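**Q** Sharing a structure with you now.
Coordinate-derived values only; no laboratory data. A quick note: this is a predicted structure, and the numbers were derived from the prediction, not measured. Cβ: placed from backbone, ideal geometry, glycine included. Neighbour counts: every protein chain shown.
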There are 2 protein chains.
Amino acid sequence: MKRSMVIAASLLLGTSVLAEGDGIVRDGEYRYLEAQLGDQWAAQDKDIDAKLAEIRGTNGGKPPNIVYVLIDDVSFGILGNRAMNYVTGINTPNINDFADEGMSLMRMYTEPSCTPTRTAMLTGRHPVRAGQEEVKVALVGEGLAAEEVTIAEILKEVGYNTAHVGKWHQGDIEQSFPHNQGFDWAAFPVHQQVQLSLMTQDAMKANNMIGFDPSGETNPFAIDQRFRPYGLVTGLEAEAGQQAREVHMEAGEVWTQAKYHEMNVRYQAQAIEQINSLAAKDEPFFMQYWPLYPLNFVYDQEQQKSRNGGYMAEKMELLDEWLGEFFTAIDNTDKADNTIVVLMSDNGIFNYYSPNSGMMELIYRGGKTQHLEGGVRTDAFVRWPGVIPAGSAAGDIVHVSDLFTTFARVAGGMDYIPRDRVIDGVDQTALLIEGEGNSRRDYVYVYEGPLLRSIVKQDIKMHMPAPGLPGAAAPVFNLLRDPREMNPIIGIALWAGASFQDMTKRHTNMIAKYPHLPIGKGVPYGGIENLRPESIETREVFDSWH
Amino acid sequence: MKRSMVIAASLLLGTSVLAEGDGIVRDGEYRYLEAQLGDQWAAQDKDIDAKLAEIRGTNGGKPPNIVYVLIDDVSFGILGNRAMNYVTGINTPNINDFADEGMSLMRMYTEPSCTPTRTAMLTGRHPVRAGQEEVKVALVGEGLAAEEVTIAEILKEVGYNTAHVGKWHQGDIEQSFPHNQGFDWAAFPVHQQVQLSLMTQDAMKANNMIGFDPSGETNPFAIDQRFRPYGLVTGLEAEAGQQAREVHMEAGEVWTQAKYHEMNVRYQAQAIEQINSLAAKDEPFFMQYWPLYPLNFVYDQEQQKSRNGGYMAEKMELLDEWLGEFFTAIDNTDKADNTIVVLMSDNGIFNYYSPNSGMMELIYRGGKTQHLEGGVRTDAFVRWPGVIPAGSAAGDIVHVSDLFTTFARVAGGMDYIPRDRVIDGVDQTALLIEGEGNSRRDYVYVYEGPLLRSIVKQDIKMHMPAPGLPGAAAPVFNLLRDPREMNPIIGIALWAGASFQDMTKRHTNMIAKYPHLPIGKGVPYGGIENLRPESIETREVFDSWH
């Protein structure tokens, strides 16, 4: 939805927007906490408002700029930690240095896959509420709905310039594209790395993809010529309100690993260009840099960078170099002191490709697509000069959707958060400003696609019982004593089952009251002014059954 | 063996004692490296000798004091790392601070159990070479042989005062006791924590021990009244050349968890007393503090310290406090600047008691008693003010036996290393002084008791094939890409099998040439002047079958 959203009646309220009655529709579990701690939070919010006003005062009345770096498929422990760098043989010195400059969020939860995590951050909602359950690979004719309100749209309302560079992965329809979801400018691929690095002849040769490229094949039993995705649109660039253009791809050209690398190089250059361009303007800015690397499925011929040597490990070290350059670019602007930079990963490792990719299970079990901690726990670091002490850390539970609400609060945009739907994102400004122990959540609901698979509360986690099985069959784990979720403690924590059942009800009752909204639907590749003939053909075949 | 050892002909050699021809009998794999790098090492040794002389020069001609803190059963990652503290809910702020003051050894290998690791450090030899294969629980009538030459004996030869406080676990015979193995003074229990915290009524009540305490039992089928260990000697104190005395235990008294705690408190106090007393003397000193905690099998009633709450986790936090006090005591002497302090753990967690103990598998799979990385990889930190830069780290492979040779080198005692047996410990002085990348080993042979179970070389590890199976059946792992040793890469690393077979031969050929020495044998509890009647009775029953 563009800037024309209806502002709820809560606009009439004062600045202490988090107190009960601010009109934001919260999940039941948050209300349960609020009933216990609401007065305390309201008092703390007054201090925080004063502090935010003071920060603006020292920055010419301007709210902080926000830069959000989202890395793909890297589990907790791989980034920002020298000892773990030694364990993996993947060095991340620049990210480690960055981590030391701010707060390490030791318990950041994401959704278990790329599309859902990104939707959660953009909308402040569990993606299931927006119908954004699945990772999108080829043509789908759907994506992030115009009716969803993104953090970029909110920040536009309060005067921010906005830009997006890199992976987007929110659908292939016009309304889902970043320049139609609040970003003034964007450079992004429509699809993701499965298309860009894995669905190639190079990946077949590297034995990481079977049967994709049919060249040389003589198979009389293969009737469908479009079972293999074909003619997909690659990288787009666009300004808000305009048509998008596919770039660096000619009609008839075959996508290769070399072109994937060039795309990565281009996004890195564009990220730095955008920082410089945004910082040179008078308005505050919000910028997303969502790199495609380290996801990669082909070895390079060039000199190996890491001890690990896996094809993703190599790109992780390259990305670390690039991020060092990106942070330097931020530091070289005159806006660095009033810029919040958040760096994190979107979900756990793509473990189907371990160990050749070099990315592996470490502390937590599981990876991408899974509700296990290895799927939904990632490294996350926040740098906010002058506000967050260097070298700090927080063990509090945070969910990626909290960034939506927190960024809105910090920017003065709480009034633009929609009041007609559930917002899962919790305002964590208190945590950033007051430090560890000030989170406003001690719970997370963990979905795999449309299914609620786990509930985390404090240090305890329940895996939901299989459909039809009684609650007593659900395994319960103590994550401190059993981080790998191997030894259920149901026998010695039987009280927890009942409390988790209550949590389930508090969640599902709110869904009944505020049903999920539908995913956006439309013609794939709408609003692209230079579609290649092969993309048009692919869309026609796709449309035949819709 | 006491100070009367025969000095080998190599005494006639110069100071560059590590070059080929220093007379020390090395394992085949070391020689294989030496054939490649010996000239380089010899040149480096000249620089190191100069540096050691310079260090002595700035310390009144005295070699460095050495303090060796060995913690029990804590796997790699639990100590010294803030992020991992958050994962486990076990905070170790004092150990973390200590780690920051020196070098973190990121790849320290131990033996997989207490007795073997301690023998390896004391003798510089894989414990199997000294017959010290097994952990000793109750009466065994055996232990570290007088013929073994300990690091304490070597340091005595070059004028050090020596003391040992805490766990010892090298046997129950007189020759094996620390005051007969090079220590001027020692306070130590004859047995270990299984006796001291687990073989108690308290541990039965806590459901961590079955059937040990027969009180109230009426079982006509239980004939043997000494199947349950009984009347075991507890804590001893002794001076070199004198009889030992059992302390704080009266005839007929029943050992309890409370007494175990008192013993821990006492050793902590004695460790600080010893530091102060040793530092007040003119001679250089070598002190071992080997705490019994965190091994513990009973919850305390007092206020919980950790978020984790497990009964070992609680004691880990208590020990961290105590070590903070111990380090402060060192710093408050006037010898801190010339004192090397090494802190490490002896092997992985005692995982049979996870998750109630609060100690769990983390990054590496497995624990105590196992050849898996989780059994033999531990945290290790070396502080050497003015020599090792604060905050440094080394990814080099080090084995606990290397401390023997390195301490001997640093103290100027290389000439007292015996020349009639294989010494596995590699001199790692270059690593300490020149930093990362200067280890003189890239291999480890991993034993479980008498069995060679794995060979590690660089980042590759082979699990030995089961007896009778061909070498091609041995799984090979890349530890960087697969730290949990789950996915054998034999198909893509077939070359490694042959190289590992060569390594096996280089090791077994040296065993054939220098056969293992026998374990020390004797009367249990010899040389204790105040044996309780129940201990005498127990020894008599034990002797009946010997």
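**Q** Take the rotation relating chain A to chain B, measure from its axis to every Cβ in chain A, and name the nearest residue with the distance in whole Å.
**A** Measuring from each Cβ to the axis, the minimum is at A:363, 3.
**Q** Here is a follow-up. Might you report the magnitude of the Cβ-based charge dipole of chain A about its Cα centre, with Lys and Arg at +1 and Asp and Glu at -1, to the nearest 20 debye?
**A** Charge dipole, chain A, about its Cα centre: 1100 debye, nearest 20.
**Q** Is there a quick way to get the dipole size of the protein assembly as shown? I mean about its Cα centre, with the Cβ of Lys and Arg at +1 and of Asp and Glu at -1; what is the value in debye to the nearest 20?
**A** For this selection, approximately 1340 debye.
**Q** Next question. Please list 3J(HN,Hα) in residue order for region B:476-485, calculated via the Karplus relation 6.51 cos²θ - 1.76 cosθ + 1.60 where θ = phi - 60°; whole Hz, with x for glycine and proline.
**A** For region B:476-485, the Karplus-derived couplings read 10, 10, 9, 6, 6, 8, 8, x, 8, 6 Hz, x marking Gly and Pro.
**Q** Now, a different point. What does the extension gain come out to for residue B:224 and residue B:250, with contour length at 0.36 nm per residue minus their alpha carbon separation?
**A** Extra length from residue B:224 to residue B:250 when fully extended: 6.8 nm.
**Q** May I pose another question? Please compute the average number of Cβ atoms from other chains found within 10 Å of each residue's Cβ in peptide B:75-84.
**A** Mean shielding count: 4.
**Q** Report, in deg cm²/dmol and to the nearest 500, the calculated mean residue ellipticity at 222 nm for the protein assembly as shown, where each DSSP H run with n ≥ 4 adds -39500 (n - 2.57) and the sum is divided by the residue count.
**A** Helix contribution divided over all residues of the protein assembly as shown: -9500 deg cm²/dmol.
**Q** Right, something else. Among the trypsin sites (Lys or Arg not before Pro) in region B:270-375, which ones are in a DSSP loop with at most 14 other Cβ atoms within 10 Å of the Cβ? Mind listing them?
**A** Answer by residue number: B:281.
**Q** Now, a different point. Counting only C-alpha contacts under 8 Å and six or more residues apart, can you give the relative contact order of region A:459-513 as a whole percent?
**A** In percent, rounded to a whole number, it is 27.
**Q** Something else about it: How many Cβ atoms of partner chains, on average, are near each residue of B:306-316 if near means within 10 Å of its Cβ?
**A** Mean number of neighbouring Cβ atoms from other chains: 2.
**Q** Please give the net charge around residue B:428, taking every other residue with its beta carbon less than 13 angstrom from that of residue B:428, where Lys and Arg add +1 and Asp and Glu add -1.
**A** Residues near residue B:428 contribute -4 overall.
**Q** Now, a different point. Distance between the C-alpha centers of region A:399-436 and region B:389-441? Whole Å please.
**A** Centre-to-centre (Cα) distance: 54 Å.
**Q** Report the Cα centroid-to-centroid distance between region B:254-274 and region B:196-250 in angstrom, as an integer.
**A** 17
**Q** Say each of residue A:472 and residue B:493 gets a label point 7 Å from the Cα, pointing the same way as Cα to Cβ; how far apart are those two points in nm?
**A** Those two pseudo-labels are separated by 4.8 nm.
**Q** Right, another one. Among the listed pairs A:51/A:156; A:461/A:505; A:136/A:205; A:167/A:259; B:51/B:156; A:461/B:205, which are separated by more than 26 Å between their Cα atoms?
**A** A:461/B:205
**Q** Would you please report the Å³ per residue occupied by the convex hull of the alpha carbon atoms in region A:459-513?
**A** Once divided by residue count, the hull of region A:459-513 is 87 Å³.
**Q** I would also like to ask the following. Using mean Cβ contacts within 10 Å as the protection proxy, how do A:79-86, A:246-253, A:150-157 order, highest first?
**A** Top of the packing list down: A:150-157, A:79-86, A:246-253.
**Q** What distance in nm separates the two pseudo spin-label positions at residue A:521 and residue A:304, each 7 Å out from Cα along the beta-carbon direction?
**A** The two pseudo-label positions are separated by 5.1 nm.
**Q** What does DSSP give for chain A in terms of the percent of beta bridges that are antiparallel, rounded to the nearest 5?
**A** For chain A, the DSSP antiparallel bridge percentage is about 55.
**Q** Let me know the shape class of region A:327-465, please: from the alpha-carbon gyration tensor, a ≥ b ≥ c as square roots of the eigenvalues, rounded when a/c is under 1.5, otherwise prolate if a/b is greater than b/c, or oblate.
**A** Oblate, since a/c reaches 1.5 and b/c is not below a/b.
**Q** Report, for residue A:220, each distance to the same residue's label point in the other copies, shortest first and in nm; define the point 7 Å along Cα→Cβ.
**A** Shortest to longest, the spacings are 8.6 nm.
**Q** For region A:447-508 and region A:120-158, write down the distance between their C-alpha centroids in whole Å.
**A** Value for the Cα centre distance between the two parts: 28 Å.
**Q** Oh, and also: Report relative contact order for chain A in percent, whole number only (criteria: Cα-Cα under 8 Å, sequence separation at least 6).
**A** Rounded, it is 26 percent for chain A.
**Q** Along Cα→Cβ at 7 Å, what distances in nm separate the residue B:442 label point from those on the other copies, shortest first?
**A** Nearest to farthest, the other copies are at 5.1 nm.
**Q** Let me ask something else. Debye sum, Cα scatterers, region B:416-492, no solvent: what log₁₀ I/I(0) at q = 0.13 1/Å?
**A** -0.56
**Q** Roughly how crowded by other chains is peptide B:386-395, in terms of the mean Cβ count from those chains within 10 Å of each of its Cβ atoms?
**A** Across B:386-395, the average partner-chain Cβ count within 10 Å equals 1.
**Q** Please report the Cα spread of the protein assembly as shown along all three principal axes, rounded to whole Å, starting with the longest.
**A** The Cα atoms of the protein assembly as shown stretch 92, 63, 63 Å along their principal axes.
**Q** Right, another one. Nothing charged except the Cβ atoms of Lys and Arg (+1) and of Asp and Glu (-1): what's the magnitude of the dipole of region A:284-439 about its Cα centre? Round to the nearest 20 debye.
**A** 320
**Q** Also, quick follow-up: Show log10 I(q)/I(0) for chain A at q = 0.06 Å⁻¹, two decimals, from a solvent-free Debye sum over equal Cα scatterers.
**A** -0.28
**Q** Of the peptides A:131-138, A:510-517, how do they stack up when ordered by the mean number of other Cβ atoms within 10 Å, highest first?
**A** By packing density, highest mean first, the sequence is A:131-138, A:510-517.
**Q** For region B:235-298, what does the alpha-carbon gyration tensor say about shape, rounded, prolate or oblate, given a ≥ b ≥ c as the root eigenvalues, a/c under 1.5 as rounded, and a/b over b/c as prolate?
**A** Here region B:235-298 falls in the oblate category.
**Q** Hey, another quick one. What ranking, highest mean first, results for peptides B:196-205, B:111-120 when packing means the other Cβ atoms within 10 Å averaged over each residue?
**A** Highest mean packing first, the order is B:111-120, B:196-205.
**Q** Given the options B:173, B:263, B:211, identify the residue whose Cα lies farthest towards the positive end of the charge dipole of region B:157-268 (+1 on Cβ of Lys, Arg; -1 on Cβ of Asp, Glu).
**A** Highest projection toward the positive end goes to B:211.
**Q** Defining a contact as two alpha carbons under 8 Å apart and six or more residues distant in sequence, what relative contact order in percent does region A:140-268 show?
**A** The normalised contact order for region A:140-268 reaches 23 percent.
**Q** Tell me which of A:491, A:478, A:509 sits at the most positive position along the dipole axis of region A:459-513, charges placed on C-beta atoms (Lys, Arg +1; Asp, Glu -1).
**A** The one lying farthest along the dipole's positive direction is A:509.
**Q** Can you bin region B:16-141 into rounded, prolate or oblate? Criterion: square roots of the alpha carbon gyration tensor eigenvalues sorted a ≥ b ≥ c, rounded for a/c under 1.5, prolate for a/b above b/c, oblate for the rest.
**A** Judged from the Cα gyration tensor, region B:16-141 comes out oblate (a/c at least 1.5, b/c at or above a/b).
**Q** Now for a separate question. Find every distance from the label point of residue A:468 to the corresponding label point in the other copies (7 Å from Cα along Cα→Cβ) and write them in nm, one decimal, shortest first.
**A** Here residue A:468 shows inter-copy label distances of 4.5 nm.
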